[in-house]
Each structure stands twice: as C-alpha cells, then as structure tokens.
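Notes for the one structure printed next.
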Amino acid sequence: MKVVVGLGNPGPKYASTRHNAGFAVVLELARRWNAEGRNDARFNAMVAEARVGPVKVLLVQPLTFMNLSGRAVQSLVNFYKVPVDEVVVISDDVDLPVGSLRMRKTGSSGGQKGLQSIIEHLGTSDIRRIRLGVGARPPEWQMEDWVLSRFYPEEQPEFDKAVVAAADATDLWVRRNDFDLAMNRFNTPRKRPEEESSTTG
C-alpha cells in the first residue's frame, strides 16, 4: 500500500488558494484513477482508495486544517501500518517560482507548517515530499494572506502544469516504486547563478 497525502485547508473558502496545492494534485490523481473520496472520521480526512495496477493507493486530504495535518496522517499510517517510505506528502512552497516542482526524500519542512506537523507526528524528517512552487510573498503582503490568496490569471496556467507534473510524478512512483526515477524525471532544473541574475536584474 502507498499513501499520497495532499496538504491544504478544507472548505470552499480555501479552494484554489496557493496553500491548497496538495489538494489540487490529489484531486487530479483521483480523477485519473477514478477514485471517489469519502470523509473518514477515524482519521479526520477525506480518503479515496485507488487500485493502480497491483498497488493499492490511499489518496488523503487531511481535514484538520494545515497546521495540524500530522494528526490525520499519523492516525492513518498507524491504523494501516504503512512504512514511512510508502508515504508521499504534496504541498505548496513559497520559496519556489510558480510552476516549479521539487521532489525530495528527506529534509526540513522549509517552514511549511503542514509538513512540519507531519514530521513531528511521524518522528522523522525522512518523508518523501513533492513541493509545488506558488511564488514568493511580495513585500507588501503578510505570509498568511499570501498563501491563502488565489493565483493571478497569468500564473494559473503555470500552476496547472505543475499540478499535472506532480500527478505524473506520483503515478510513476506508484507504478515503478522508484522515487529516485521520479525525482530525476520531474524535478524542475535549478537555474545557474548567472541565469538567476539575468532574470532579476
């Protein structure tokens, strides 16, 4: 069994906001895999079960609100006795440009509070994660307001492409059981320093 956790906040107020990038990817996977979610009170999460080839996959959207995501994930992982390396967490990242994708097998939360909650509740930072860039906070914005804002019209197509890429990467990991392969294929190339300076100056 594999568990795919998409992070976000529940309810229509937060739909399509930057912070709900993880939810967007889980919904795309549910569409592809013809999986219908249900509110599972045992885990305080929306859970959809899919069969991808021989692999059973749980698509999870915690309903605890972002900062308490670890509670839902811990209860589900403990109930199904899922090894941590069979879990992937999908989240937004304000340190990446809109449309960028970063996959890692370990590391800090980078300030993403949902991922931090999961790290604390599972007791390890060795958690596979896929981060979707949602753009840096403009100086005039408070961080909370920025992540709960919606994408500008010119940003939306790039974000939509990232959602598809993240779903493709997850699908590859599930089918091939090879996270390294997915990382090599889908990680957005980092710009060289001279490219960064040419785009900012």
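The values are calculated or read from the model by the stated rules, or taken from the named source; none is laboratory data. Computed from a predicted structure; not experimentally measured. Virtual Cβ from ideal backbone geometry, glycine too; neighbours counted across all protein chains shown.
Details
- Helices (runs of 4 or more DSSP H) contained entirely in the range 90-201, each with at least 3 residues that are at pLDDT below 95 and of a type in the set (S, T, N, Q): 193-200
- The single residue among SER100, SER109, SER117 that is more than 28 Å from GLY53 (Cβ to Cβ) and surrounded by fewer than 20 Cβ atoms within 10 Å (Cβ to Cβ) turns out to be SER109.
- Qualifying residue in the range 151-163 (condition: farther than 26 Å from LYS56 by Cα, among the hydroxyl-bearing types (Ser, Thr, Tyr) and surrounded by fewer than 22 Cβ atoms within 10 Å (Cβ to Cβ)): yes
- Of the candidates ASP145, ASP92, ASP126, ASP85, the single residue that is under 26 Å from GLY11 (Cβ atoms) and surrounded by fewer than 21 Cβ atoms within 10 Å (Cβ to Cβ) is ASP145.
- Residues being of a type in the set (Ser, Thr, Tyr), touching a residue at least 12 places away in the same chain (Cβ under 8 Å) and in contact with a Leu (Cβ under 6 Å, 6 or more places away or on another chain) are represented in the range 88-100 by at least one member.
- Residues of the range 18-60 satisfying the condition of being out of contact with any helix residue (DSSP H, G or I) (no Cβ under 7 Å at 6 or more places or on another chain), among the polar types (S, T, N, Q) and touching a residue at least 24 places away in the same chain (Cβ under 8 Å): ASN39
- Exactly one residue out of ARG31, ARG51 is surrounded by fewer than 18 Cβ atoms within 10 Å (Cβ to Cβ) and part of a strand (DSSP E or B): that is ARG51.
- Restricting attention to the range 57-89, the residues being outside any strand (DSSP E or B), within 14 Å of the chain's Cα centre (by Cα) and of a type in the set (Val, Ile, Thr) number 1.
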